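> Below you will find the structure I want to go over with you.
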Amino acid sequence: MDPIYLDYNATTPVRPEVVRAMTACLSGPPGNPSSQHRFGREARAARERARSQVARAAGCRPSEVLFTSGGTEADNLAIRGVLEASPERRHVITASTEHEAILHTLGALSPTRAETTILPVDEDGRIRPSDLESALRPDTALVTLMGANNETGVLADLATLGAICRQRQVLFHVDAVQMFGKVPFSFSGLPLDLASISSHKIGGPKGVGALLVRDGVSLPAQQTGGGQERGIRPGTENLPGIVGFGEAAELAAGEVASEAPRLAALRDRLEQGILQAFPAAQVNGDRGNRLPNTCNVSFPGLDGESLLIALDLEGVAVSTGAACQAGAAEPSHVLMGMGRSAAQAGSSLRFSLGTPSRDSDIVGVLEILPRILSRLSATGSAPSGQGHL
Ligand SMILES: Cc1ncc(COP(=O)(O)O)c(C=O)c1O
């Protein structure tokens, strides 16, 4: 059987149209977008075309797209930039289930630069708007929350949360890395000030992304160099990456209306099959309000890492949580944040689908997984309580 890839939230294959656009850029003339001659002008035109493609896909103005090396850099730039721009305010609000790009960035800032309030989530992974309201303070500089969780797919109510921030005149940054291109997203249609997006989650190359910065929001550069990206993100641009990102963004946005229901139907079939094969399984996250491509399941009494390895040996790629946590000894902070015990969190798998996913992938997993589940149940692969080792 062909290998089955169900780890699209970790990364996606680069789409053929993107490869073609990038290849043309890589093998074309050697333009630096900052150069004055015709080669430079052509490179600038390619960069600006990609900026317009990303802007259209994200529902914002081209002037609001700032290219970065990916979601992690965009998150860093948003947090560090806003704090530098408002030295009199150092309070930041985030949530316990955020990505490490947010939590570790806030954790790395000294108490003189940032004081962080971490909001809890309910057992379905949702933030209560009343918790945000009561956490806001006169010295709050920034609220940073994710649009969609990478492990569970749970979607935040950005309209409500953003409206609260607007009312209190606090900047609102959204890590939209997992939601952009998977569900409709409009930066200007929501009360947002900053949003991070990334190319490799939507069929584009790795190492490129963008921070969307609402016109009028001031953001000091967090590195020094030339004047690229309005001086906020200096350094010669990754032009092939940017061109590929533009192409991927346009494709994803054009297909989201048909892809979202198609993937939700495949995901639901997978979930039903899992629950039939293992009735004690528990789906993690708000089932009515999730990314259409994501399914996170706990298998009580079993060890997620052993399941992942057994599936891998049979050619099925899934995840026990965030890609960067794989191999870590800690159970998922996302599931723990939702009130799961270490054992429950350590018994979980994430299945995430993408544009190349087909019926045959689901049929294949549902053939393989039940066998593995009964074998591991019989041999007693109990979780150690340590989570992934
Ligand atoms: C929610 C979220 N934010 C940020 C990132 C980091 O993005 P990048 O890999 O482009 O640095 C990821 C990647 O897994 C993510 O899932």
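The values are calculated or read from the model by the stated rules, or taken from the named source; none is laboratory data. Keep in mind it's a predicted model, so treat the numbers as computed, not measured. Every residue, glycine among them, receives a Cβ derived from its backbone with ideal geometry; neighbour counts consider all protein chains shown. These area figures cover heavy atoms from the full protein model, side chains too; ligands, DNA and RNA do not enter into them. Shrake-Rupley method; radii C 1.70, N 1.55, O 1.52, S 1.80 Å.
> What number of residues within region 108-130 satisfy the criterion of being free of Cβ contacts under 8 Å to residues at least 40 places away in the same chain and closer than 20 Å to residue 338 by Cβ?
Result for region 108-130: 8.
> Under the condition of being in contact (Cβ under 8 Å) with a residue 40 or more places away in the chain and hydroxyl-bearing (Ser, Thr, Tyr), which residue from region 210-248 is farthest from residue 75 (Cα to Cα)?
236
> Now for a different question. Tell me whether region 296-312 contains one or more residues that are modelled with pLDDT of 95 or more and within 16 Å of the ligand (Cβ to nearest atom).
So far as region 296-312 goes, yes, one or more of its residues are modelled with pLDDT of 95 or more and within 16 Å of the ligand (Cβ to nearest atom).
> Within region 96-106, which residues are touching a strand residue (DSSP E or B) at 6+ places or on another chain (Cβ under 8 Å) and not hydrophobic (A, V, I, L, M, F, W, C)?
96, 97, 98, 99
> On the basis of being modelled with pLDDT of 95 or more and away from the ligand (no atom under 16 Å from the Cβ), does residue 113 make the cut?
On the way: modelled with pLDDT of 95 or more: no; away from the ligand (no atom under 16 Å from the Cβ): yes.
Spelling it out, it is not the case that residue 113 is modelled with pLDDT of 95 or more and away from the ligand (no atom under 16 Å from the Cβ).
> Now for a separate question. Within region 12-49, how many residues turn out to be crowded, with 16+ Cβ neighbours inside 10 Å and within 16 Å of the ligand (Cβ to nearest atom)?
Within region 12-49, residues that are crowded, with 16+ Cβ neighbours inside 10 Å and within 16 Å of the ligand (Cβ to nearest atom) number 3.
> Would you say residue 271 is open to solvent by less than 10 Å² (accessible area, probe 1.4 Å), more than 16 Å from the ligand (Cβ to nearest atom) and assigned by TED's automatic domain parsing to the domain that holds residue 361?
So residue 271 passes the test.
> Between 168, 214, 230, 262, which is in contact with a Leu (Cβ under 6 Å, 6 or more places away or on another chain), surrounded by fewer than 23 Cβ atoms within 10 Å (Cβ to Cβ) and among the charged types (D, E, K, R)?
Unique residue meeting the criteria: 168.
> A further question follows. If a residue must be modelled with pLDDT of 95 or more, more than 12 Å from the ligand (Cβ to nearest atom) and either of a type in the set (Gly, Ala, Ser) or in contact with a Cys (Cβ under 7 Å, 6 or more places away or on another chain) (or both), how many such residues does region 192-225 contain? Write out each step before concluding.
Initial filter on region 192-225 (modelled with pLDDT of 95 or more): 192-217, 219-225.
Applying the additional criterion that residues be more than 12 Å from the ligand (Cβ to nearest atom) yields 192-194, 203, 212-217, 219-225.
Checking which are either of a type in the set (Gly, Ala, Ser) or in contact with a Cys (Cβ under 7 Å, 6 or more places away or on another chain) (or both) leaves us with 203, 212, 216, 221, 225.
Here the count works out to 5.
> In this structure, is residue 282 of a type in the set (S, T, N, Q), open to solvent by 30 Å² or more (accessible area, probe 1.4 Å) and out of contact with any Ser or Thr (no Cβ under 8 Å at 6 or more places or on another chain)?
No; evaluated as a whole, the condition is false for this residue.
> Regarding residue 184, is this residue in contact with a Lys or Arg (Cβ under 6 Å, 6 or more places away or on another chain) and open to solvent by 10 Å² or more (accessible area, probe 1.4 Å)? Don't jump to the end; show me each part of the working.
Working: in contact with a Lys or Arg (Cβ under 6 Å, 6 or more places away or on another chain): no; open to solvent by 10 Å² or more (accessible area, probe 1.4 Å): yes.
The answer is no for residue 184.
> Looking at region 269-287, can you tell me whether even one residue there is among the basic types (Lys, Arg) and under 29 Å from residue 54 (Cβ atoms)?
Step one: list which residues in region 269-287 are among the basic types (Lys, Arg), which gives 269, 287.
When the remaining residues are screened for being under 29 Å from residue 54 (Cβ atoms), the result is none.
Among the residues of region 269-287, not one is among the basic types (Lys, Arg) and under 29 Å from residue 54 (Cβ atoms), which makes the answer no.
> Further, regarding this structure: Suppose we filter 189, 204, 162 for residues that are open to solvent by less than 10 Å² (accessible area, probe 1.4 Å), part of a loop (DSSP other than H, G, I, E, B) and in the same structural domain as residue 119 (by TED's automatic domain parsing); which single one remains?
Of the residues listed, the single one that is open to solvent by less than 10 Å² (accessible area, probe 1.4 Å), part of a loop (DSSP other than H, G, I, E, B) and in the same structural domain as residue 119 (by TED's automatic domain parsing) is 204.
> Let me ask something additional. Can residue 133 be described as in contact with a Gly (Cβ under 6 Å, 6 or more places away or on another chain), more than 16 Å from the ligand (Cβ to nearest atom) and farther than 22 Å from residue 61 by Cα?
Taking the combined requirement at face value, the residue does not satisfy it.
> Next question. State which residue pairs qualify: first residue under 17 Å from residue 263 (Cβ atoms) and within 16 Å of the ligand (Cβ to nearest atom) and inside region 177-189, second residue outside any loop (DSSP other than H, G, I, E, B) and among the β-branched types (Val, Ile, Thr) in any location, beta carbons under 6 Å apart, and separation of 6 or more residues or different chains.
Partner pairs satisfying both residue conditions: 180/197.
> Residue 92 fails exactly one of the following numbered conditions: (1) crowded, with 22+ Cβ neighbours inside 10 Å; (2) closer than 23 Å to residue 180 by Cα; (3) more than 14 Å from the ligand (Cβ to nearest atom). What is the number of that condition?
Condition (2) is where residue 92 drops out.
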